[in-house]
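Enquirer: The structure under discussion is supplied below as C-alpha cells; questions concerning it will follow.
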Amino acid sequence: MADNETERASVGSSLAPVPVDVDNPLDVLEHEHLRQKWLCDVLETIADGLPGKLEAALAKTAVDILKTEAPLHHEQEETCLFPLLTQRAQPEDNIEAVIRQLTREHLADDTYSSDLIHLLEEMAEGNRPINPEMAGYMIRGFLESYRRHIAFEDLVILPLARSRLTDCDLNKLHSCMQECQRRIGNHQN
C-alpha cells in the first residue's frame, strides 16, 4: 500500500481509545482535542479524494462529529472553562483578550461548519459535489482554521488552566462539563 493509502486506511478507522482520566476535566478536554485533530485528518482525506473519490463513510463520520462533539466541546469551554480561567488568571495572562478571540473563533467555526455539514451530508448520501474543487477548498479552509485553533488551545489554554486552576476549580469544571453534556445530549436526542 502506498503511503497515502496507508494514511487513508488509518483515518478511516475510528480513533483508537486513549486512556483518559475522566475525573480530570482538563484531560477530558485534551482528549477531545485529539478527536478534533482526528476529525481534521478525516476532512483532509475527504478533500484529498476529490474530485475522483467519494468518501461517503468518512463524510458521515465527519458530520456526526461536527453535529455532536464539536458544539459540546465549544459549550464546555465557553460555559465552564473560560469563566474559571478568567477568575484565576493573572494580569500578565491577558486572558480576557485570549478568551474573546477563542469565542469569536468558536462562533466562526460553528457558522462555517453548518455549511460544511450540508456539503458532507450530501456526500454521505453518495452525492458528488457539483463543484469538487470548491468543495475541497471549503473543507480545507475549515480544517486549517480548526487545526490552528486547537493547537493554540493545546499550547496556551490547557497549560494555563493546569497551572492556574485549583482542585476546587477542577471539581467545578468537571460538574459543569457533565451538566453541559446532559443538557446538550438531551437537546440532540
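The values are calculated or read from the model by the stated rules, or taken from the named source; none is laboratory data. Since the structure is predicted, the reported quantities are computational estimates derived from the model, not experimental observations. Every residue, glycine as well, gets a Cβ built from its backbone with ideal geometry; the counts of neighbours run over all protein chains shown.
Enquirer: Considering only region 50-57, I want to know if a residue exists there that is in a helix (DSSP H, G or I) and surrounded by 19 or more Cβ atoms within 10 Å (Cβ to Cβ).
Expert: Looking for residues that are in a helix (DSSP H, G or I) and surrounded by 19 or more Cβ atoms within 10 Å (Cβ to Cβ), one finds none in region 50-57, hence no.
Enquirer: Considering only region 165-175, I want to know if a residue exists there that is surrounded by 15 or more Cβ atoms within 10 Å (Cβ to Cβ) and under 20 Å from Glu105 (Cα atoms).
Expert: Scanning region 165-175, I find no residue that is surrounded by 15 or more Cβ atoms within 10 Å (Cβ to Cβ) and under 20 Å from Glu105 (Cα atoms), so the answer is no.
Enquirer: Can you pull out the residues in region 117-132 that are assigned to a helix (DSSP H, G or I), over 19 Å from the mean Cα position of the chain (by Cα) and among the charged types (D, E, K, R)?
Expert: First pass over region 117-132, keeping only residues assigned to a helix (DSSP H, G or I): 117-124, 132.
Those still in the list that are over 19 Å from the mean Cα position of the chain (by Cα) too: 122-124, 132.
If the condition is that a residue be assigned to a helix (DSSP H, G or I), over 19 Å from the mean Cα position of the chain (by Cα) and among the charged types (D, E, K, R), then Glu122 is the only one that fits.
Enquirer: Here is a check on your reading of the model: is Ile157 surrounded by 14 or more Cβ atoms within 10 Å (Cβ to Cβ), within 21 Å of Ile99 (Cα to Cα), out of contact with any helix residue (DSSP H, G or I) (no Cβ under 6 Å at 6 or more places or on another chain) and modelled with pLDDT of 95 or more?
Expert: So Ile157 fits the description; yes.
Enquirer: Still on this model: Counting only residues that are touching a helix residue (DSSP H, G or I) at 6+ places or on another chain (Cβ under 7 Å) and of a type outside the set (A, V, I, L, M, F, W, C), how many does region 97-114 have?
Expert: Here the count works out to 7.
Enquirer: Right, here's the next one. Among the residues of region 175-189, which ones are part of a helix (DSSP H, G or I) and more than 18 Å from His74 (Cβ to Cβ)?
Expert: Ser175 - this is the single residue of region 175-189 that is part of a helix (DSSP H, G or I) and more than 18 Å from His74 (Cβ to Cβ).
Enquirer: Here's a follow-up. Please enumerate the residues belonging to region 99-132 that are of a type in the set (Gly, Ala, Ser), farther than 22 Å from Glu153 by Cβ and buried (at least 18 other Cβ atoms within 10 Å of the Cβ).
Expert: Residue satisfying the conditions is Ala124 alone.
Enquirer: To continue, here is another question. From the list Ala97, Ala135, Ala151, pick out the single residue that is touching a residue at least 24 places away in the same chain (Cβ under 8 Å) and either in contact with a Cys (Cβ under 7 Å, 6 or more places away or on another chain) or in a helix (DSSP H, G or I) (or both).
Expert: Going through Ala97, Ala135, Ala151 in turn, just one is touching a residue at least 24 places away in the same chain (Cβ under 8 Å) and either in contact with a Cys (Cβ under 7 Å, 6 or more places away or on another chain) or in a helix (DSSP H, G or I) (or both): Ala135.
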